[in-house]
Amino acid sequence: MNFCVVTRDTVDSCNIVLASQLKLFPREALETLLHEECHVATRAETEEHGPKWQKCMHRLADNKAFEPLW
């Protein structure tokens, strides 16, 4: 099951659409949103979960974005 779809309207604009089923699971919805935001932020990186994406996720974790989740 896909939990989200990321579409690009323009070079500088993206939409992250979460699956409606995730409204039953707000913690997973937030985690999915943060995960996908890092994909958008590192969209120029060729490796799906490469070093830039991992750095983005670590930066979020360091800033306690995942604190209510983990």
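The values are calculated or read from the model by the stated rules, or taken from the named source; none is laboratory data. The model shown is predicted, which means the values in this text are computed figures rather than measured ones. Cβ placement follows ideal geometry from the backbone for every residue including glycine, while neighbour counts extend to all protein chains displayed. Surface accessibility is based on the protein's heavy atoms, side chains included, excluding ligands, DNA and RNA. Shrake-Rupley method; radii C 1.70, N 1.55, O 1.52, S 1.80 Å.
Based on this model, can you work out whether Val17 counts as at pLDDT below 90, of a type in the set (Val, Ile, Thr) and over 14 Å from the mean Cα position of the chain (by Cα)? Here the answer is no, as Val17 does not meet what is asked. Do you know which residues across the range 24-44 are open to solvent by 70 Å² or more (accessible area, probe 1.4 Å) and part of a helix (DSSP H, G or I)? Residues satisfying the conditions are Leu24, Pro26, Arg27, Glu28, Glu31, Glu37, Ala41.
Say we look at the range 1-12 and pick out the residues that are within 15 Å of the chain's Cα centre (by Cα) and surrounded by fewer than 15 Cβ atoms within 10 Å (Cβ to Cβ); which of these is modelled with the lowest pLDDT? In this case the residue turns out to be Asn2.
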